[in-house]
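Taking it in order: structure first as structure tokens, then the write-up.
What follows draws every value from the coordinates through simple rules; no lab data is involved. All values derive from a computational prediction rather than experimental measurement. Counting neighbours? That spans all protein chains shown, and the Cβs are built from the backbone with ideal geometry, glycine included.
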Amino acid sequence: MNVVMSGIYFGGAAAEVLGQWLDGQFELLLSVEILTEYRGVAAKLSARYGDIGADRVLDLVTAHSLLVDPVAPTAPISRDSDDDKFIACAVC
């Protein structure tokens, strides 16, 4: 699970990172693929732990992040190819 979803659902250090983003300490880059994954994970976590308003938080994240269109890697970048979208977004 990534920092955004962990911060929304479980708090701790991941929530601190989200707070730093809200304070303007860094800019968050997102792609459509990442946002789609976030929404899917939020639906699964809401079903398991109850609805805590993750969709509203993700709307805020979407509205205040830089949406990029990264180039899809031609070969796996990381050990978990599902994470390649995050790396591609970061180097965009």
Q) Taking amide hydrogens as modeled 1.01 Å from N in the peptide plane, which residues meet the under 5 Å criterion relative to LEU67, leaving out close sequence neighbours? A) LEU30
Q: For a quick protection proxy, order the peptides 32-43, 76-87 by their average other-Cβ count within 10 Å, most packed first.
A: 32-43, 76-87
Q. If you line up the long axis of helix 32-49 against the longest principal axis of the chain, both from Cα atoms, how many degrees apart are they, to the nearest 10?
A. 30
(Q) For the ranges 22-28, 55-61, what's the packing order if you count other beta-carbon atoms within 10 Å of each residue, average per peptide, and put the highest first? (A) 55-61, 22-28
Q. Could you list, bin by bin from short to long, the percent of Cα-Cα pairs of the chain in 10 Å steps?
A. 16, 48, 32, 5
Q: List, in order, the whole-Hz ³J(HN,Hα) value for each residue of the stretch 71-85 obtained from phi through the Karplus relation with A = 6.51, B = -1.76, C = 1.60 and θ = phi - 60°; use x for Gly and Pro.
A: 7, 5, x, 7, 9, x, 9, 10, 5, 9, 4, 5, 8, 4, 4
(Q) Can you give me the angle between helix 12-22 and the longest principal axis of the chain, using Cα atoms only, in degrees from 0 to 90, rounded to the nearest 10? (A) 80
Q: Name the most mobile residue of ALA54, ALA15, ALA72, meaning the one with the largest mean-square fluctuation, in a Gaussian network model of the chain with Cα contacts below 10 Å.
A: ALA72
Q: Return the calculated 222 nm mean residue ellipticity for the chain, to the nearest 500 deg cm²/dmol, obtained by summing -39500 (n - 2.57) across DSSP H runs with n ≥ 4 and dividing by the residue count.
A: -17500 deg cm²/dmol
